Amino acid sequence: MFFTKKNPLKWRDIISINDLSKDDIIYLLQQAAKLERYNPRIITDKVIASLFFEPSTRTRLSFDAAVKRLGGQVIGFDNIETTSLKKGESFKDTIKMIEQYADVIVIRHPKEGSAQLAADISHIPVINAGDGSNQHPTQTLVDLYTIKKEKGKLEGLTVGFLGDLKFGRTVHSLANALGLFGVNIVFIAPKGLEMPTEYLKELNEKNVNYSQTSDLLSVAQSLDVLYVTRIQEERFKNRKDYKRVAGSYTINKDLLANFRQDVLVMHPLPRLEEINQDVDDTQNQGYFKQAGNAVAVRKAILATVLGRV
Ligand code: NCD
């Protein structure tokens, strides 16, 4: 499936998964496979600006680790309280300045569209590490890499998305990418948290094979992968709406007996009660593997965008 070709992403922004063609994605996954157990010091002259306007553990730290593994340097913040944004400095001014200090910007922001805005302002490449409930393209690359590695292929698989499909940006990005690879999708959501119509429209336009249900057990036997998500409490306008759906699904070892023996249970993490800890020691656990693969994939993204592969 994978073949080597010229780096198609040098100096390009990665804002939405839709910015990447199937060949671009294959190229990145191929580079990640090469870099998984190998740390060439290929960005020793590069500075990466890591701008996190919203909480993060895995995304920020795996980007940091990726930079350091490749010999580069990181500057940035993970708390705007310690920056001049706190004094009222504008987003535009912040980006205008940072583009002169670094070679690439990695940005996470609570507002949809802010990564694109940074890219419009900046002359250096911008990588979106999550913009509100919109997109999270680098997580998608991690997810694709993990599915391919664990299942040996993408084509022809059936992937079920369970949980907050309305606000979950990892779902919005991944569904589009899976469509490129001929994966069948089943959306399983509690009432009120279904996949928004704008994203379904995109899938329709691309002829992606998908179905929707609120009954997990009715589709359990059809799934190669069960991708579980957290209810995105921070995106609810109304606390009562959150309370209504909080804790409405939990995957545990007993429930897994209804699924195929080799179903891969994924989750971008953090998890709350949607996956019980008794799944951690089963052969189905895929979420810590995802978290681990994040470093290889982010090494590939940085090396590619910086033109070092
Ligand atoms: C996700 C995110 O931030 O969108 N986490 C991650 O990046 N691994 C999922 C979430 O917060 O629920």
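Observations on the structure shown:
- Count of residues meeting criterion [surrounded by fewer than 21 Cβ atoms within 10 Å (Cβ to Cβ) and under 17 Å from the mean Cα position of the chain (by Cα)] in segment 1-24: 6
- When Q261, Q212 are screened for being farther than 22 Å from T57 by Cα, of a type outside the set (A, V, I, L, M) and part of a strand (DSSP E or B), only Q212 passes.
- Condition check for I121: farther than 26 Å from T170 by Cβ and among the β-branched types (V, I, T): no
- Counting the residues of segment 48-64 that are open to solvent by 40 Å² or more (accessible area, probe 1.4 Å) and either outside any helix (DSSP H, G or I) or without any contact (Cβ under 8 Å) to a residue 40 or more places away in the chain (or both) gives 3.
- Restricting attention to segment 251-283 and to residues that are surrounded by 21 or more Cβ atoms within 10 Å (Cβ to Cβ) and not hydrophobic (A, V, I, L, M, F, W, C), the residue that is nearest to the ligand (Cβ to nearest atom) turns out to be P268.
- Candidates L70, L117 - the one that is open to solvent by less than 60 Å² (accessible area, probe 1.4 Å), away from the ligand (no atom under 14 Å from the Cβ) and over 12 Å from the mean Cα position of the chain (by Cα): L70
- Residue within segment 96-108 that is of a type in the set (A, V, I, L, M), free of Cβ contacts under 8 Å to residues at least 60 places away in the same chain, assigned by TED's automatic domain parsing to the domain that holds R298 and open to solvent by 60 Å² or more (accessible area, probe 1.4 Å) present: yes
- Test: residue in segment 295-304 that is over 17 Å from the mean Cα position of the chain (by Cα) and either within 30 Å of W11 (Cβ to Cβ) or at pLDDT 95 or above (or both): yes
- Residue list for segment 191-232, filter: within 16 Å of the ligand (Cβ to nearest atom) and either within 15 Å of L178 (Cβ to Cβ) or modelled with pLDDT under 95 (or both): M195, Y199, L226, Y227, T229
The values are calculated or read from the model by the stated rules, or taken from the named source; none is laboratory data. Keep in mind that this is a model prediction, so the values were computed, not measured. Virtual Cβ from ideal backbone geometry, glycine too; neighbours counted across all protein chains shown. For accessibility, only protein heavy atoms count, side chains too; no ligands or nucleic acids. Shrake-Rupley method; radii C 1.70, N 1.55, O 1.52, S 1.80 Å.
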